[in-house]
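A short reminder: the numbers here are calculations on the coordinates, not readings from a lab. Note that the structure is predicted; figures quoted are calculated from it, not measured.
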Ligand code: GDP
Ligand code: MG
């Protein structure tokens, strides 16, 4: 019931996690508003942004949660993960350490989130190819071993941002249907 134009068939909560400054907030800004800022301040206050899209003729509202500067180990609370059906596990391809911390984030995610959560490993900042410190092969191998989807993105030039979210949302859609 309700009019077709405003009907929402599904709401999917997706969380963004990963080290500080890997580009989580800019990936979200790119996906939700098609905007990017090079001098983004550390995230303050905003809990989530939404974007409604159509998947297989159904209206899906993606509710994407962003950490508000709680990226220190174990500082993200369980409320953040509660009800999440998808997760974007983000590192910066120019910062090796942000990739080396991924197993920790994955462990934290798996200990807090639903066991059927759909997870995408995201290597961000591909526009900085000359400064690359994590090879695509290493990340792909890790993702395969852990059963994660994997894509490299650039929030700056928008490369693969849409694909990353669409892949996760479509997979969630398939899991619930
Ligand atoms: P967060 O702490 O993970 O939320 O990271 P932010 O989204 O705040 O981004 C941290 C810094 O990296 C900011 O200066 C962004 O402008 C920059 N940044 C984010 N994504 C990209 C990207 O794809 N390419 C480049 N070159 N810079 C990016
Ligand atoms: Mg942020």
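The Rg/Rh ratio for the stretch 91-177, using Cα coordinates for both the radius of gyration and the Kirkwood hydrodynamic radius, is 0.98. Rg/Rh for the stretch 51-124 stands at 1.00; both radii use Cα atoms, and Rh follows the Kirkwood definition. Helical runs (DSSP H, four residues minimum) scored at -39500 (n - 2.57) apiece and divided by the length of the chain put the mean residue ellipticity at 222 nm at -9500 deg cm²/dmol. A viscosity of 1.306 mPa s and a temperature of 10 °C, combined with the Kirkwood radius over Cα pairs in Stokes-Einstein, give a translational diffusion coefficient for the chain of 97 µm²/s.
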